[in-house]
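The next block holds one structure in the form of structure tokens; read it before the comments.
The values are calculated or read from the model by the stated rules, or taken from the named source; none is laboratory data. Because the structure is predicted, anything quoted here is derived from the model rather than measured. We place every Cβ from the backbone using ideal geometry, glycine too, and count neighbours over all the protein chains shown. Accessible surface is based on the protein model in full, side chains and every heavy atom, while ligands, DNA and RNA are left aside. Shrake-Rupley method; radii C 1.70, N 1.55, O 1.52, S 1.80 Å.
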Amino acid sequence: MNFDSADAMTIAAAVREGNVSAVDVTKAALARIAMRNHQLNCFTSITAEAALADAARIDSEIAQGNNPGILAGVPFAVKNLFDIAGLTTLAGSKINADNPPATQDATAVAKLKQAGAVLLGALNMDEYAYGFVTENSHYGPTHNPHDLLRVAGGSSGGSAAAVAGGLVPLTLGSDTNGSIRVPAALCGVFGFKPTYGRLSRAGVTLFSSSFDHIGCFARSVQDIATVFDVLQGKDHRDPICTKRPPVETLHVTSHLDISAIKIALAKSAVGIAGDYFTKGAQPEALAAVQQVADALDVTEYITIPEAHRARAAAFVITASEGANLHFDKLQRRPEDFDPATRDRFLAGALIPSSWYLQAQRFRKWYRDRLREVFQNVDIILAPTTPISAPLIGQETMNLDGEEILIRPHLGLFTQPLSFVGLPVLSVPIQRPNALPLGVQLIAAPYNEALILQVAAVLEAKGIVSAPVIFNG
């Protein structure tokens, strides 16, 4: 088996059937990390000893005739804001390096381990998840596997690049304003942000509590669906993750057979996000959306009202909440922040409370408008990013003849959606002799199953794919 390119479910099936041992799979992944990570800079910590011990336990379970779990022997890694027992949770910061090690795994990490997955370590990110590029001044930039001179995106850049570069088939990340979807698009992998509150954030360092989601990266729709199913469930450790979703939305993997997909799509309406989502993007980003629309026979454009104000309000709320969360550190150790992060937090600390309250009032209005939109459409297509991956260190980009800053504008099309917690999957569009791009599949809350059904159709048609790329 080619472990470089095998997806998670293929690996798990081979391990459960005894065709390969979990220890051998783990050793192969550690060897790839040793060979490639010095160029990609995805990992900030590698837990080799614990991983090999976990893999040996899985092999022992199989030898005894026990079921080791649906993800048996699958290597995975997590953004370094997830608690890993025995490791200090960095959240991309120098300041957090002084903290004691975590005493228990984050809920999401524990659930993947319980399903048989093998944790290999923690991954690089923008400091405190505040950024779209993973150019971390403390731990160095993560490099895009498609072109090592380019950014991987952020803030979950290490998570996306580790999957795209073939280091591991699965990773976890977090998404506030686009921190899963942006790097997924720039690195050419699937990146999934479920409905706000659907998955537990217990044991995760937050940036903006009213926005933060956790989610996953993978190279196939089936892998995304399986991880999502494993991670579901209420968690008393996370007060947001308490609402029970509708029963029919649970266990999305059971909805991925072809006949069910055809029935579901025949009854579903898909539209293309127009107006705001067609402006400020390079032509190739819009062409990627059109490619998906053509594959689904979609021609109707729909309007998401006041998306530009939603993005502005998202800036106000996340900057305010992030600054408040880190205000003590800003006062005590300002020199130990990444300068770009520190400046954004300081600006957030100066936002008047009246602006924050008005942004939250607008948020409620906007959520009501989106409910109205989803009365007429089930899935909305939109670009994930306005451009493909920029060069590391590049400060500006040209959009519509205007020179604008890259860091804030990579989230141009993601922020208006996480603003109200919608489930979104960024699907990868591979382009010959060009960098990949992403297209967002957007649905109403708790409609993850339909998103994954649409993605499965696109994958079956060869429109979206996530091959391992390593141009090292």
* Structure fact -> Diffusion coefficient in µm²/s returned for segment 1-121 by Stokes-Einstein, Kirkwood Rh over C-alpha pairs, 4 °C and 1.567 mPa s, is 87
* Structure fact -> In units of 2.2 N^0.38 Å, the Cα radius of gyration of segment 102-164 is 1.25
* Kindly write out, for segment 219-227 in residue order, the coupling ³J(HN,Hα) from the Karplus curve 6.51 cos²θ - 1.76 cosθ + 1.60 (θ = phi - 60°), rounded to whole Hz, with x marking Gly and Pro. => 9, 8, 5, 4, 5, 4, 4, 5, 4
* Structure fact -> Honestly segment 335-472 on the Cα gyration tensor test (a ≥ b ≥ c root eigenvalues; a/c under 1.5 rounded, otherwise a/b vs b/c for prolate or oblate) is just oblate
* **Accessible area per residue in Å² at 1.4 Å probe, computed on the chain** => 37
* To do: Measure off 7 Å from each Cα along the Cα-to-Cβ vector at Ala34 and Gln291, then give the distance between these two points in nanometres to one decimal.
  => 3.7
* To do: Give the long-range amide H neighbours of Ala91: residues separated by 5 or more places, or on another chain, with amide H under 5 Å away, using H modelled in the peptide plane at 1.01 Å from N.
  => Leu81
* Residues with amide H under 5 Å of Gly121's amide H, sequence separation 5 or more or different chain, H placed in the peptide plane at 1.01 Å from N; which? -> Thr47, Val78
* Starting at the first residue of segment 193-207, write each ³J(HN,Hα) from the Karplus equation 6.51 cos²θ - 1.76 cosθ + 1.60 with θ = phi - 60°, in whole Hz, x for Gly and Pro. => 10, x, 4, 3, x, 6, 10, 5, 9, 4, x, 10, 6, 8, 10
* **Count of lysine pairs in the chain with Cα separation under 22 Å (8 or more residues apart, or interchain)** => 21
* To do: Describe numerically, in nm with one decimal, the distance between label points set 7 Å from Cα along Cα→Cβ at Ser137 and at Ala97.
  => 1.4
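Report, as a whole number in µm² per second, the diffusion coefficient that Stokes-Einstein gives for the chain at 4 °C and 1.567 mPa s using the Kirkwood radius over alpha carbon pairs. Don't jump to the answer; show the numbers that get you there.
Numbers: Rh = 21.9 Å.
For the chosen part, D equals 59 µm²/s.
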* Amide proton proximity set for Ile302, modelled H, under 5 Å, gap of 5+ -> Ile272, Ala273, Gly274
* **Accessible area of the chain belonging to carbon and sulfur atoms, whole % at 1.4 Å probe** => 54
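Pull up the DSSP beta bridges for segment 29-177 and report the antiparallel fraction as a percent, rounded to 5. Please report the intermediate quantities before stating the final value.
Working: 7 of 15 bridges.
Taking every DSSP beta bridge with both residues in segment 29-177, the antiparallel ones total about 45 percent.
Out of all DSSP beta bridges with both ends in the chain, state the antiparallel percent to the nearest 5. Before the final figure, lay out each step's value.
Values: 37 of 50 bridges.
Of those bridges, close to 75 percent are antiparallel.
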* Asked: For Phe327, what is the net charge nearby, where nearby means another residue's Cβ is under 15 Å from its Cβ and Lys, Arg count +1, Asp, Glu -1?
  -> +1
* To do: Can you tell me how much longer the chain between Gln358 and Glu335 gets when fully stretched, taken as 0.36 nm per residue apart minus their C-alpha distance, in nm with one decimal?
  => 5.0 nm
* Structure fact -> Simple spin-label estimate for Arg369/Ser5, 7 Å along Cα→Cβ, in nm, reads 4.5
* Structure fact -> Calc'd 3J(HN,Hα), segment 12-25, phi into Karplus 6.51 cos²θ - 1.76 cosθ + 1.60 (θ = phi - 60°), Hz, glycine/Pro = x, comes to 4, 5, 5, 5, 5, 7, x, 6, 7, 8, 4, 5, 5, 4
